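Trainee: Here it is, the structure, as structure tokens.
The values are calculated or read from the model by the stated rules, or taken from the named source; none is laboratory data. In this text the structure is predicted, and so the values were computed from the model without any measurement. Heads up, the Cβs are rebuilt from the backbone with ideal geometry, glycines too, and the neighbour counts pull from every protein chain shown.
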Amino acid sequence: MIIDAHTHYMSTSNSDPLTSLLDTESKLGVSIIFLMPFRALYRKEVFQDNMQVINAAKKYPGRIIPFVTVDPWDGEKAVQELKRFIALGAKGLKLHPLTQGLPAHSELYHPLVEIAEREGIIVQFHTGTPVYSQPLQVLELAQTYTKAIFILAHLGLGMLWYDAIRAAKKADNIYVDTAGQRFIPVLKLAVKELGSEKIIYGSDAPFLSPEVELRKILKCNLPREDLDNILYYNAARLLSITR
Amino acid sequence: MLVDFHVEIGRSDYYEVNFNINELLELMSKYNVSYTVITPAYGVAYICDFDKANREIYLMSKKYEKLIGFATVNPWLLNESINELENVFRKYGLRGIKLIPYLQGFSINHKIVYPIMDHLAKYRALLYVLSGYHPQSPLEIADLADAFPEVNIVMGFAGFTDFWMELLPAMKRYDNLYTDLSCQSNVRAINGAVKKLGSERFLFASSMPYSDIELELEKIRMLDLNDYDKENILWKNAVNLLRLP
């Protein structure tokens, strides 16, 4: 059993994005996906794009875990939208400082993270692209909102992987996902430094190719228990302790 | 035929890896790799120990004809680097050098690199440079390619995930820019780029020990390309660039 904790509702061809994503994931043995919007991350069609995700989750209960985003620049409107999405079943909040145009520790994010903490939904941050998506900026938030659960997507990518490991090491409430982290030694170092309990498989499909992303994890030659943690149990545990 | 355009040999304390020559030779035999470009491991070789590292690379490539050695120098140590380049090309007969601006501490388009480029031009040698964020983004590398049109430059990692976005504009403008496809997970984007630019400047690389040869080969198989394009990527382009028999 595999959970892919990082996918997007994103059109890449003429076929229906959801059907095509679920088909690809099924072929790879992935039974549950955390699904996030795509266009809304660019502050476009925020409501409609999130609703596609919410509706997809209604159509495939248990198989699709809906994550939403809101535009942090909308202030109180964003707060109300987030509450509404949570009422409609959102289990996670996706934040993308690079595309949303502010550093991860910006005060504009604080009311949103506060709601996520209070309502018990996961906060997943894009990380690895300076100047706005730095793991230690997320650490700032995690040390403020200590009961919120954070996932650092991409394990800091090519430049900030060490910061991602440091951030997850310093805060019990920070996890990392593996999407797009293409250095096998970095994945192994993360397991060594953090333990496999903090590392969650994600592919970033269909933006990145899930076939490559999954194969990469298998190429790390990890003990079975670590592999099971990364591919399934950690994400499952997070879901069970969140809302 | 298959040519692997980039691996690092040796120990890197930074990434806690140690990839030795015997492992490489075994994998080359398992995956029928005809030639592999070998470079020093990430670390002091790129800072101050380049003469020692280059000699090791030379000795390995001398012993095994199928290993193509690429050296390194550090533009900050200009006199030593120029002397070493003379050594590398005249005595060792190597065909290119590798730079890692992020590790070595300069912008790839800074004039500090120009004397090195003059020497590459003089010896018709290649530059392999890891690409990704500043100070080695594809458009920064393109600026260097613009200043030295006579030197062929191969970008490693194809912009490394996010800086893929600069790859197409960089390669579109400068014919002397090539890229390998290692460590780039976006198969869809690779398909699109090859279709736009043609396959003649894309190269297969495993970038071991950072990636894995089977994984990188699988990625090429996943590409929606005809045999002509796949052969270009897997070996023909590399054979031409490296002037292999």
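Trainee: Cβ-Cβ below 7 Å, separation at least six or inter-chain, first residue in the range A:77-98 and closer than 15 Å to A:Glu114 by Cα, second acidic (Asp, Glu) and not in a helix (DSSP H, G or I): which pairs?
Mentor: A:Ala78/A:Asp71
Trainee: Please indicate, with yes or no, whether at least one residue in the range B:166-178 is modelled with pLDDT of 95 or more, surrounded by 21 or more Cβ atoms within 10 Å (Cβ to Cβ) and polar (S, T, N, Q).
Mentor: No.
Trainee: Can you name the residue in the range A:149-161 that is within 14 Å of chain B (Cβ to nearest Cβ) and touching a helix residue (DSSP H, G or I) at 6+ places or on another chain (Cβ under 7 Å) and, of all such residues, is surrounded by the fewest Cβ atoms within 10 Å (Cβ to Cβ)?
Mentor: A:Leu160
Trainee: On to the next question. List pairs: first residue in the range B:133-162 and away from chain A (no Cβ under 14 Å) and among the acidic types (Asp, Glu), second residue surrounded by fewer than 24 Cβ atoms within 10 Å (Cβ to Cβ) and assigned to a helix (DSSP H, G or I) anywhere in the structure, Cβ distance under 6 angstrom, at least six positions apart or on different chains.
Mentor: Every condition considered, the pairs that remain are B:Glu150/B:Ala121.
Trainee: Just give me the residues in the range A:38-55 being touching a His at 6+ places or on another chain (Cβ under 8 Å) and either assigned to a helix (DSSP H, G or I) or under 21 Å from A:Arg118 (Cα atoms) (or both), in sequence order. Can you show your working first?
Mentor: Filtering the range A:38-55 for residues touching a His at 6+ places or on another chain (Cβ under 8 Å) gives A:38, A:41.
If the condition is that a residue be touching a His at 6+ places or on another chain (Cβ under 8 Å) and either assigned to a helix (DSSP H, G or I) or under 21 Å from A:Arg118 (Cα atoms) (or both), then A:Leu41 is the only one that fits.
Trainee: Taking the range A:205-236 as the search range and keeping residues that are over 25 Å from B:Val187 (Cβ atoms) and free of Cβ contacts under 8 Å to residues at least 60 places away in the same chain, which one is farthest from the other protein chains (Cβ to nearest Cβ)? Step through it out loud before you land on a result.
Mentor: Let us first name the residues in the range A:205-236 that are over 25 Å from B:Val187 (Cβ atoms), namely A:223-226, A:228-229, A:233-234, A:236.
Then keep just the ones that are free of Cβ contacts under 8 Å to residues at least 60 places away in the same chain; that gives A:223-226, A:228-229, A:233-234.
Values: A:Pro223: 17, A:Arg224: 19, A:Glu225: 21, A:Asp226: 16, A:Asp228: 21, A:Asn229: 21, A:Tyr233: 24, A:Asn234: 21 Å.
If we take residues in the range A:205-236 being over 25 Å from B:Val187 (Cβ atoms) and free of Cβ contacts under 8 Å to residues at least 60 places away in the same chain, then A:Tyr233 is farthest from the other protein chains (Cβ to nearest Cβ).
Trainee: In the range A:56-73, how many residues are crowded, with 16+ Cβ neighbours inside 10 Å and assigned to a helix (DSSP H, G or I)?
Mentor: 3
Trainee: Would you confirm whether any residue within the range A:120-127 is farther than 17 Å from A:Thr242 by Cα and buried (at least 24 other Cβ atoms within 10 Å of the Cβ)?
Mentor: Yes, because at least one residue in the range A:120-127 is farther than 17 Å from A:Thr242 by Cα and buried (at least 24 other Cβ atoms within 10 Å of the Cβ).
Trainee: Return the total of residues in the range B:79-132 being touching a residue at least 60 places away in the same chain (Cβ under 8 Å) and within 14 Å of chain A (Cβ to nearest Cβ).
Mentor: Counting residues in the range B:79-132 that are touching a residue at least 60 places away in the same chain (Cβ under 8 Å) and within 14 Å of chain A (Cβ to nearest Cβ) gives 1.
Trainee: Ok, one more. Just give me the residues in the range A:169-205 being within 16 Å of the chain's Cα centre (by Cα) and farther than 23 Å from A:Val30 by Cβ, in sequence order.
Mentor: Within the range A:169-205, A:Asn173, A:Ile174 meet the criteria.
Trainee: Further question on the same structure: Considering only the range B:1-30, state which residues are out of contact with any helix residue (DSSP H, G or I) (no Cβ under 9 Å at 6 or more places or on another chain), charged (D, E, K, R) and without any contact (Cβ under 8 Å) to a residue 12 or more places away in the chain.
Mentor: Across the range B:1-30, the qualifying residues are B:Glu23, B:Glu26.
Trainee: Related question: Counting just the residues of the range A:170-194 that are away from every other protein chain (no Cβ under 11 Å) and within 23 Å of B:Tyr102 (Cβ to Cβ), which one comes out surrounded by the most Cβ atoms within 10 Å (Cβ to Cβ)?
Mentor: Within the range A:170-194, the match that is surrounded by the most Cβ atoms within 10 Å (Cβ to Cβ) is A:Val176.
Trainee: Next up: Look through the range B:186-244, keep the residues that are at positive phi and more than 14 Å from chain A (Cβ to nearest Cβ), and return whichever of them is farthest from the chain's Cα centre (by Cα).
Mentor: Narrowing the range B:186-244 to residues at positive phi: B:198, B:207, B:243.
Applying the additional criterion that residues be more than 14 Å from chain A (Cβ to nearest Cβ) yields B:198, B:243.
Working: B:Gly198: 20, B:Arg243: 15 Å.
It comes out as B:Gly198.
Trainee: All but one of (1) modelled with pLDDT of 95 or more; (2) touching a Lys or Arg at 6+ places or on another chain (Cβ under 7 Å); (3) not acidic (Asp, Glu) hold for A:Arg224; state the number of the condition that does not hold.
Mentor: (2)
Trainee: Further, regarding this structure: I need a count of the residues in the range A:50-102 that are touching a Phe, Trp or Tyr at 6+ places or on another chain (Cβ under 6 Å) and aliphatic (A, V, I, L, M).
Mentor: So the count comes out to 5.
Trainee: On to the next question. Got a number for residues in the range B:181-230 being assigned to a helix (DSSP H, G or I), without any contact (Cβ under 8 Å) to a residue 60 or more places away in the chain and under 23 Å from B:Leu24 (Cβ atoms)? Give the steps one after another, and end with the answer.
Mentor: So the first thing to find is which residues in the range B:181-230 are assigned to a helix (DSSP H, G or I), and the list is B:187-197, B:213-222, B:227-230.
Retained after the next criterion (residues that are without any contact (Cβ under 8 Å) to a residue 60 or more places away in the chain): B:187-197, B:215-216, B:218-222, B:227-230.
Filter again for under 23 Å from B:Leu24 (Cβ atoms), leaving B:215-216, B:218-221.
Qualifying residue count, the range B:181-230: 6.
Trainee: Sticking with this structure for a sec: How about the range A:1-58: which of its residues are away from every other protein chain (no Cβ under 14 Å), more than 17 Å from the chain's Cα centre (by Cα) and among the polar types (S, T, N, Q)?
Mentor: A:Thr19, A:Ser26, A:Gln48, A:Gln52, A:Asn55
Trainee: Report, by residue number, each residue of the range B:12-48 that is out of contact with any Lys or Arg (no Cβ under 9 Å at 6 or more places or on another chain), farther than 27 Å from B:Leu234 by Cα and surrounded by fewer than 15 Cβ atoms within 10 Å (Cβ to Cβ).
Mentor: B:Asp13, B:Tyr14, B:Cys48
Trainee: Do we find a residue being within 11 Å of chain A (Cβ to nearest Cβ), part of a helix (DSSP H, G or I) and among the aromatic types (Phe, Trp, Tyr) anywhere in the range B:164-180?
Mentor: Yes, the range B:164-180 contains at least one residue that is within 11 Å of chain A (Cβ to nearest Cβ), part of a helix (DSSP H, G or I) and among the aromatic types (Phe, Trp, Tyr).
Trainee: Pick out, from the range B:72-152, the helices (runs of 4 or more DSSP H) lying fully within it that include 3 or more residues that are in contact with a helix residue (DSSP H, G or I) (Cβ under 7 Å, 6 or more places away or on another chain) and surrounded by 22 or more Cβ atoms within 10 Å (Cβ to Cβ). First the steps, then the outcome.
Mentor: Values: elements: B:78-86, B:101-104, B:114-122, B:138-147.
Where helices (runs of 4 or more DSSP H) fall fully within the range B:72-152 and carry at least 3 residues being in contact with a helix residue (DSSP H, G or I) (Cβ under 7 Å, 6 or more places away or on another chain) and surrounded by 22 or more Cβ atoms within 10 Å (Cβ to Cβ), they are B:138-147.
Trainee: Quick check on A:Gln143: is it away from every other protein chain (no Cβ under 14 Å), more than 14 Å from the chain's Cα centre (by Cα) and more than 19 Å from A:Gly29 (Cβ to Cβ)? Show your work before the answer.
Mentor: Numbers: away from every other protein chain (no Cβ under 14 Å): yes; more than 14 Å from the chain's Cα centre (by Cα): yes; more than 19 Å from A:Gly29 (Cβ to Cβ): yes.
Here the answer is yes, as A:Gln143 does meet what is asked.
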